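Notes follow the structure.
The values are calculated or read from the model by the stated rules, or taken from the named source; none is laboratory data. Model, not experiment: these values are computed from the prediction. All Cβ positions, glycine included, derive from the backbone under ideal geometry; neighbour counts span all protein chains shown.
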Amino acid sequence: MPDSPVPPVDLELRLVRYFTVVAEELHFGRAAEALHLAQPSLSRQIRRLERELDVRLLDRTSRGTRLTEAGETFLPQARELLRTAARAAASARSAAAHGPFTVGYTTHQIVTPAVRELRRRHPRADIRTQHVDWNEPRDALLDHRVDVVVSRFLFSADDLDVRVLYDEPRVLLVPVGHPLSGKESVTLADFADEPLPRFAGADRIGANPAGHTNLGPLVETLEDKLELVASGEVVSLAPAGFRGSLRPDIAVIPVEDAEPVQVVLAGRAGDRHALLPAFRHAAETHLVPADAAR
């Protein structure tokens, strides 16, 4: 027999958002302050949501507020519901070429010349910029936090339109005093036995040489990686663009045979924002390697 149709549920996203804030704070007073609401009003809104769902989501006890089993189950889906709604709204605005056009960029990527050119050609457009963490360019695009991002290509291209701007050589980061630190250059074989950082997820594809199995601690931020290098726990490959902004206790050595990392302009596949072609042209014209700009 075919599955029975799921009855429609008329949920107000505003109430769902209120619930997620209370669930994160586990305190109605703090949640009300974060939402700029009076606490009694927030309590009424949560009770209204519970009536719509016909379940109790939160219990107030003498020790504070806690999620019920139903609340624990609903919370991740509530968050996803809010993300989906935000994506849908942003996608609609993008298709209609309404709303801001946001250019994302990761650490050490300079987008100023291309953004300046875009603003010159489209003076009435709302053009914004936003820094994106080194491991978040893909998520930032798919969550519609940015419309394009200039980044090193170390992430999956699924559902994205990725265009290469230029290749960037790689260097090796080692602590000052390391046996390799005095060399003018090295090869991959010179540090084949050294521990390299371990990266989480699929946002650091190709960050380490293929086949390198000696991996050290897990790294989730750039600062953590630099601390591990400086303390001698790992050595690490890095794009040459990092050379001028590193800690004084880290030495930088060119790597002769490492595959360069591609600097790319990435956007969402099928996005039709009217400013996309103009920014792509500006990026391809004005965003060049640092040494070529001198």
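Output the residues belonging to the stretch 268-280 that are modelled with pLDDT of 95 or more and under 14 Å from residue 146 (Cβ atoms).
279
Consider only pairs whose beta carbons are under 9 Å apart and that are at least six residues apart or on different chains; among these, list those whose first residue lies in the stretch 216-230 and is of a type outside the set (Gly, Ala, Ser) and whose second residue is in a helix (DSSP H, G or I).
Hits for this filter: 217/224; 217/228; 218/224; 219/225; 219/228; 222/242.
Restricting the stretch 281-294 to residues that are more than 24 Å from the chain's Cα centre (by Cα) and under 30 Å from residue 181 (Cα atoms), which is modelled with the lowest pLDDT?
Selected residue: 294.
Please enumerate the residues belonging to the stretch 244-266 that are of a type outside the set (S, T, N, Q) and buried (at least 16 other Cβ atoms within 10 Å of the Cβ).
246, 250, 251, 253, 255, 258, 261, 263, 264, 265, 266
For the stretch 258-270, enumerate the residues that are touching a strand residue (DSSP E or B) at 6+ places or on another chain (Cβ under 7 Å) and either part of a strand (DSSP E or B) or more than 22 Å from residue 206 (Cβ to Cβ) (or both).
261, 262, 263, 264, 265, 266, 267, 268, listed by residue number.
Against the definition (over 24 Å from residue 284 (Cα atoms) and in contact with a Leu (Cβ under 9 Å, 6 or more places away or on another chain)), how does residue 206 come out, yes or no?
no
Could you list, in sequence order, the residues of the stretch 228-254 that are more than 16 Å from residue 194 (Cα to Cα) and of a type outside the set (A, V, I, L, M)?
Of everything in the stretch 228-254, those that are more than 16 Å from residue 194 (Cα to Cα) and of a type outside the set (A, V, I, L, M) turn out to be 239, 241, 242, 243, 244, 245, 247, 248, 249, 254.
Could you tell me whether any residue of the stretch 169-187 is exposed (fewer than 14 other Cβ atoms within 10 Å of the Cβ), within 23 Å of the chain's Cα centre (by Cα) and either in contact (Cβ under 8 Å) with a residue 60 or more places away in the chain or on the phi > 0 side of the Ramachandran plot (or both)?
No: the stretch 169-187 contains no residue that is exposed (fewer than 14 other Cβ atoms within 10 Å of the Cβ), within 23 Å of the chain's Cα centre (by Cα) and either in contact (Cβ under 8 Å) with a residue 60 or more places away in the chain or on the phi > 0 side of the Ramachandran plot (or both).
Any idea how many residues of the stretch 196-232 are surrounded by 16 or more Cβ atoms within 10 Å (Cβ to Cβ) and aliphatic (A, V, I, L, M)?
8
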